[in-house]
1. Name the pairs: first residue in region 1-21 and of a type in the set (Asp, Glu), second residue loosely packed, with under 14 Cβ neighbours inside 10 Å, Cβ to Cβ under 8 Å, at least 6 apart or on different chains?
2. If only one of Glu62, Glu27 is exposed (fewer than 13 other Cβ atoms within 10 Å of the Cβ), farther than 17 Å from Pro4 by Cβ and more than 11 Å from the chain's Cα centre (by Cα), which one is it?
3. For region 1-47, which positions are within 20 Å of Leu75 (Cβ to Cβ) and among the small types (Gly, Ala, Ser)?
Amino acid sequence: MSKPIFIVRLPRDEYIPSSKVERVRDELQRTRIVEDYHILVVVDEFTGGETKFECYNAPHTEMEFEELQRRVLELLKD
């Protein structure tokens, strides 16, 4: 069975280093609350200054999720 995708959208009010994004992701992965989810943390300038959370059911394998995550992060860098 595939895992749902848990997305954290951090506001881009100022420059946010990738280390902060990685730290948020790592902290979430350490918690037992979201251990059954793929976690994707992104910086999004369209959050209205608030951190937002989303969850999606997705029938993706682990490799497909890694590719999806890579593509999303590349798009957000542009």
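1. Short answer, once both residue conditions are applied: Asp13/Gly49.
2. Going through Glu62, Glu27 in turn, the sole match is Glu27.
3. Ser18
Taken together, the values in this text are just the output of simple stated rules run on the coordinates, not laboratory data. Quantities reported herein were computed from a predicted structural model and do not represent experimental measurements. Counting neighbours? That spans all protein chains shown, and the Cβs are built from the backbone with ideal geometry, glycine included.
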